[in-house]
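Participant: Have a look at this one.
Bear in mind these aren't lab numbers, they're just calculated from the coordinates by the rules spelled out. It should be emphasised that the depicted structure is a prediction, and the values quoted were computed from it without experimental measurement. Cβ placement follows ideal geometry from the backbone for every residue including glycine, while neighbour counts extend to all protein chains displayed.
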Amino acid sequence: MPTFKEQVDKTRLPEHVAIIMDGNGRWAKERGYNRIFGHHNGVKSVREVTEAAAEIGIKYLTLYAFSTENWERPQAEVDALMELLIETIEKETPTLNKNNVRLLAIGDLKRLPGKLEDKLQRCIDSTTLNSGLTLVLALSYSARWEIINAVKNIIKDIDLKQLTPEEMSAEIFANYLTTKSIPDPDLLIRTSGELRISNFLLWQLAYSELYFTETHWPEFSKECFYEAICDYQQRERRFGK
Ligand code: FPP
C-alpha cells in the first residue's frame, strides 16, 4: 500500500494551505493532563507539518496560532501560549533558515507582548530572503478584525483623495488586508472535528476547498497532512464557473 506522501501528485499541488490547529486542549484532557501540555505537544505538529509542506514544495502554509477571541481564555493559558510562541520562534529560527523557509505574521500584532513582537520581527527579518516555503503565522488574528481594519484604512485613503469609491474592486480591497501579496488558500484544513471557519480568513477562503478531520492537532502527522492533500487533489475546482 503506497503512503499518502507517495500518492501526492507533485504537478498539481495546492499553492497555499491554511490550517485551523484545533484540539490541543481536548487531546491533553483525554490523557489526564492540563491544556498547556496539549499546546506543548501541538508545537511538534507545527514542526512536522512545516517540514511536510516544505518537502513536497508547497509555497505557502498559514497556521492559525492565536485568535483575537483567544485573548478571553484564562490568563495563565494566554501567558503560557505567549511564552511557548516566544520560545518556539527563538529556537526554530536557525531551522527555518536551514530549510529556506521565510516567516511572515498576520494579525493585530501590536496586541502581542513586546517580547513576542520583538522575537517575531527578528525571525521575519532574518528569514526574509528565503525562497522556499513561506510560513504565515496568524497571531491575534480574526477575519472580522482584519476586514474592519481594512475599511478604516480605505476611508482614510478616500479622505486623503488617494482612492475614489468608484475605483474600489475585489483586487483593491484585497490589498488592504493583512494577506496582501499572499495568494488565497487553495485548501483549508481544520483538525479535531469542529465544522466551522471560526473567524479565519473569511474573505480569502471564498473559493478554498475545505477539509475536516477528527484528529486532534497534537496527533496530526506528516501523513495526515499528505492525506489532506490527496483528498484535495481528487476534487474538481470550478470557482463558481
Ligand atoms: C487550539 O487548541 C490551539 C490553539 C488555540 C493554539 C495553537 C498553538 C500551538 C499549536 C502552539 C504554538 C504554535 C506555533 C506556531 C509555534 P484548543 O486549545 O482550542 O483545543 P480545544 O479545542 O480542544 O480546547
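Participant: Of Phe200, Phe173, Phe225, which is the most mobile in a GNM of the chain whose springs link Cα atoms less than 10 angstrom apart?
Facilitator: Phe173
Participant: Next question, about the same structure. What is the stretch 1-138 by shape, rounded, prolate or oblate, if you read a ≥ b ≥ c off the alpha carbon gyration tensor as root eigenvalues and call it rounded for a/c under 1.5, prolate for a/b larger than b/c, and oblate otherwise?
Facilitator: Here the stretch 1-138 falls in the oblate category.
Participant: Moving on. Sort 120-129, 36-45 by packing, meaning the average of other beta carbons within 10 Å per residue, with the highest value first.
Facilitator: My ranking of the peptides, most packed first, is 36-45, 120-129.
Participant: Here is a further query. How much net charge surrounds Arg35 when only other residues with a Cβ under 10 Å from its Cβ are counted (Lys, Arg +1; Asp, Glu -1)?
Facilitator: Every neighbour counted, the sum reads +2.
Participant: How would you rank Asp186, Asp231, going from fewest to most other Cβ atoms within 10 Å of each one's own Cβ?
Facilitator: Result, fewest neighbours first: Asp231, Asp186.
Participant: Quick one: grab the alpha carbon gyration tensor of the stretch 202-241, order the square roots of its eigenvalues as a ≥ b ≥ c, and give me rounded if a/c is under 1.5, else prolate or oblate depending on whether a/b is larger than b/c.
Facilitator: It is oblate, given that a/c is not under 1.5 and a/b is not larger than b/c.
Participant: Taking N as the number of residues in the stretch 1-80, what is its alpha-carbon radius of gyration divided by 2.2 N^0.38 Å?
Facilitator: Normalised by 2.2 N^0.38 Å, the Cα Rg of the stretch 1-80 equals 1.35.
Participant: Next question, about the same structure. Could you name the lysines whose alpha carbon sits less than 23 Å from that of Lys98, not counting residues in the same chain fewer than 8 places away?
Facilitator: Lys5, Lys10, Lys44, Lys59, Lys119, Lys222
Participant: Under 8 Å for C-alpha pairs, at least 6 residues apart: give me the relative contact order for the chain, rounded to a whole percent.
Facilitator: Worked out over the chain, it gives 30 percent.
Participant: Can you give the FRET efficiency to the nearest 0.05 for Glu72 and Ser181, using r as the Cβ-Cβ distance and R₀ = 30 Å?
Facilitator: Efficiency computed from Cβ-Cβ geometry: 0.45.
Participant: What residues qualify as long-range amide H neighbours of Arg102, i.e. H under 5 Å apart, gap of 5 or more or another chain, H built at 1.01 Å from N?
Facilitator: Long-range HN contacts for Arg102: Gly132, Leu133, Thr134, Leu135.
Participant: Determine one quarter of the surface area of the Cα convex hull of the chain, which equals its mean projected area, and express it in nm² to one decimal.
Facilitator: 15.0 nm²
Participant: Okay, moving on. Where does the charge balance sit around Val101 when Lys and Arg score +1, Asp and Glu -1, over other residues with C-beta under 10 Å from its C-beta? If you can, show how the numbers build up before the last one.
Facilitator: Numbers: positive: Lys98, Arg102; negative: Glu51, Glu92.
So the environment of Val101 carries a net charge of 0.
Participant: Then there's this: Which residues among the stretch 64-95 fall inside the zone where the amide N is under 17 Å from a point 7 Å beyond the Cα of Arg47, along Cα→Cβ?
Facilitator: The answer is 84-95.
Participant: Say the dipole of the stretch 106-190 comes from +1 at the beta carbon of Lys and Arg and -1 at that of Asp and Glu; which of Leu163, Ala174, Ile189 then lies farthest toward its positive end?
Facilitator: Ile189
Participant: Based on the Cβ-Cβ distance from Asp118 to Gln233, what FRET efficiency comes out when R0 is 35 Å, to the nearest 0.05?
Facilitator: 0.30
Participant: Under a point spin-label approximation (7 Å from Cα along Cα-to-Cβ), what is the Glu90-Lys29 distance to one decimal in nm?
Facilitator: 3.2 nm
Participant: Provide Rg over Rh for the stretch 110-219; use the alpha carbon set for both Rg and the Kirkwood Rh (inverse mean inverse pair distance).
Facilitator: So for the stretch 110-219, dividing Rg by the Kirkwood Rh gives 1.01.
Participant: So what are the ³J(HN,Hα) numbers for the stretch 174-188, from phi and the Karplus equation (6.51, -1.76, 1.60; θ = phi - 60°), rounded to whole Hz, Gly and Pro as x?
Facilitator: Computed from phi, the couplings for the stretch 174-188 are 4, 6, 8, 8, 5, 8, 3, 6, 10, x, 5, x, 7, 9, 10 Hz.
Participant: Pulled fully out, how much extra length does the chain show between Asp79 and Asn100, if you take 0.36 nm times their separation in residues and subtract their Cα-Cα distance?
Facilitator: Here the segment from Asp79 to Asn100 would lengthen by 4.5 nm.
Participant: Summing Lys, Arg as +1 and Asp, Glu as -1, what charge do residues with Cβ under 14 Å from the Cβ of Glu194 carry, Glu194 excluded?
Facilitator: 0
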